[in-house]
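J.: I'd like to ask you about the structure that follows.
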Amino acid sequence: MKAISFAAPIPTYLATQVAGRLSERWLVGPHACTRYADVATPDLPGQDWVRIRTVLGGICGSDLAIVALEASPSTSPFSSFPFVIGHENVGVIDACGTGVRGFGVGDRVTVNPLLCCEPRGITPSCAACAGGHHSRCDHFTDGAIAPGMFIGTTRALGGSWGEHFVAHQSQLVSVADGVSDTAAVMTEPFACCVHAVRGAMPEAGQHVLVIGAGTMGLLMVAALKALVPGCRVTTLARHPFQARHAEHLGATRTVMARGDYLGELAESAGTRLLKPILGRPIGIGGFDAVFVCISSTRGVEDAMRFARAGATIVLLGNATTLKGLDWTPLWIKELTFRGTLAYGSHGHGGASVNAFNEAAALIADGRAPLGGLVTHEFPLARYTDALQMARAKGSGESVKVAFRF
């Protein structure tokens, strides 16, 4: 089958790193870490697994970091090489093991790509998985399959940047008939945002800041408005088209992160800015919660400076190193930093629902109208154009770019 896969033997890694500095087009190719080529169609690892024919495979920011060799080295032990890239997905089951129950050939599904205890055949489950906190699993490197947190980072299972991939029956979520493929492929990234909000729920009437209005920032707006309709959401965006999407999804206000935007952000939050002897202002008062949806020192700085004392700051997949960050506001304001990964279960309304399933339900019942966020589709053979569009958000006005099979 055709697929885009990644492997990183040290000589290839170093050569790709050097070539990529000269031109991004050298990041993918027959001599690079990332390659478009024929690979073996994955076999079912067991009788409780299915094979899926990919319909849409989304391009995530973490995937772009893999291709560009910008992912944090700390994530490397949770991968096994070579792997087919891609974890955002929607597809159709085309093969079932004899032990699969509740699903059959021809079913349209999206897959929770997290490879925790159950798909790994770990029994008994670790304490985190038993408690519903699957993103905190102790066994991402253990069990019946190769190391990896997700489908799309693990050898032999395939990924959604390939024509087929395999999944354990516990990972399958049916796609409702009325849900488009473009909405369904957003389930995985939207689930990350549902999980983040459930872990730090604001209250109705509180004022929340979302830093970044790329895919994850916009999905964070959608998650906040779906789960806490009464909260006020300000979005910090780079591009006017992102502001339009944010407002469509329910943002109360958008501040453009261009030039000297600190005054406008302070006015939005009711923050009083104090000028230090050197450096950027620090704020008194501000947002009740901040969700940082970009990987940058400036984003975390803005979060600390515009959060009120005692607020919570949530970092969503900030898989990078932060240089030159002044942590002083953290202790001056007694802020709480919270990391969030993927999806788990949170008790609410008397029940415990996995964020992935909840995200699918919010999309299906229309509370999260996300299909319009897939702005560009490309066949896999046009991977160069697809990756360029995914990186060039401003010029292409791209939100989610996906491969159509």
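The values are calculated or read from the model by the stated rules, or taken from the named source; none is laboratory data. If you're wondering where the values come from, they're calculated on a predicted model, not measured in any experiment. We place every Cβ from the backbone using ideal geometry, glycine too, and count neighbours over all the protein chains shown. All accessible areas refer to the heavy atoms of the entire protein, side chains included, with ligands and DNA or RNA removed. Shrake-Rupley method; radii C 1.70, N 1.55, O 1.52, S 1.80 Å.
J.: In Å², and per residue, what accessible area does the range 216-345 have when probed at 1.4 Å with the other protein chains present?
T.: About 44 Å² of surface per residue is accessible.
J.: When only the heavy atoms of the protein chains count and the probe is 1.4 Å, how do 323, 333 rank by accessible area, highest first? Write down the numbers at each step before the final one.
T.: Numbers: 323 160, 333 15 Å².
Heavy-atom accessible area, descending, gives 323, 333.
J.: Using the alpha-carbon centroid of each, what span in Å lies between the range 190-260 and the range 361-389?
T.: Centre-to-centre (Cα) distance: 19 Å.
J.: Looking at 187, 28, 42, which one has the Cα that reaches farthest to the positive end of the dipole of the chain (charges on Cβ: Lys, Arg +1; Asp, Glu -1)?
T.: Among 187, 28, 42, the one farthest towards the positive end of the dipole of the chain is 28.
J.: How many Å³ per residue does the convex hull of the Cα positions in the range 228-349 occupy?
T.: Value for the range 228-349: 134 Å³ per residue.
J.: So for the pair residue 130, residue 381, with labels modelled 7 Å out along Cα→Cβ, what separation do we get in nm?
T.: Distance between label points: 5.3 nm.
J.: For residue 18 and residue 103, calculate 0.36 nm times their separation in residues minus their Cα-Cα distance, and state this gained length in nm to one decimal.
T.: Result for the pair: 25.9 nm of gain on full extension.
J.: I want the local charge near residue 393. Using Cβ-Cβ distances under 15 Å, sum +1 for each Lys or Arg and -1 for each Asp or Glu among the other residues.
T.: That works out to +1.
J.: Roughly how many percent of the accessible protein surface of the chain is carbon and sulfur, given a 1.4 Å probe and a whole-percent answer?
T.: C and S atoms contribute 54 percent here.
J.: In this model, which of 2/400; 333/393; 225/275; 275/323; 275/333 are farther than 28 Å apart at the alpha-carbon?
T.: Checking Cα-Cα distances, 333/393; 225/275 exceed 28 Å.
J.: Here's another thing I want to ask about it. Compactness ratio of the chain: Cα Rg over 2.2 N^0.38 Å, N = residue count?
T.: 0.97
J.: Counting only helical runs of four or more DSSP H residues, what would the 222 nm mean residue ellipticity of the chain come to if each run contributes -39,500 (n - 2.57) and the total is spread over all its residues?
T.: That comes out to -7500 deg cm²/dmol.
J.: Over the heavy atoms of residue 24, what accessible area does a 1.4 Å probe trace out, to the nearest 10 Å²?
T.: Probe radius 1.4 Å; accessible area of residue 24 about 100 Å².
J.: How much FRET efficiency would the formula 1/(1 + (r/R0)^6) give for residue 361 and residue 277, where r is the Cβ-Cβ distance and R0 is 51 Å, rounded to 0.05? If you can, show how the numbers build up before the last one.
T.: Values: r = 52 Å, r/R0 = 1.02.
Result of the calculation: an efficiency of 0.45.
J.: Can you give the FRET efficiency to the nearest 0.05 for residue 204 and residue 337, using r as the Cβ-Cβ distance and R₀ = 22 Å?
T.: 0.35
J.: Highest mean first, how do 62-68, 13-19 rank when packing is the count of other Cβ atoms within 10 Å averaged over residues?
T.: On the way: 62-68: 20.9, 13-19: 15.0.
The densest-packed peptide leads the list: 62-68, 13-19.
J.: Restricting to Cα pairs below 8 Å that are 6+ residues apart, what does the relative contact order work out to for the chain? Please round to a whole percent.
T.: Once divided by the residue count of the chain, the mean separation gives 16 percent.
J.: Roll a 1.4 Å probe over the protein heavy atoms and report the accessible area of residue 377 in Å², nearest 10.
T.: 80
J.: At a 1.4 Å probe radius, which order do 403, 81 fall into by accessible area, largest first? Mind showing how you got there, number by number?
T.: Numbers: 403 0, 81 85 Å².
Sorted descending by solvent-accessible area, the residues read 81, 403.
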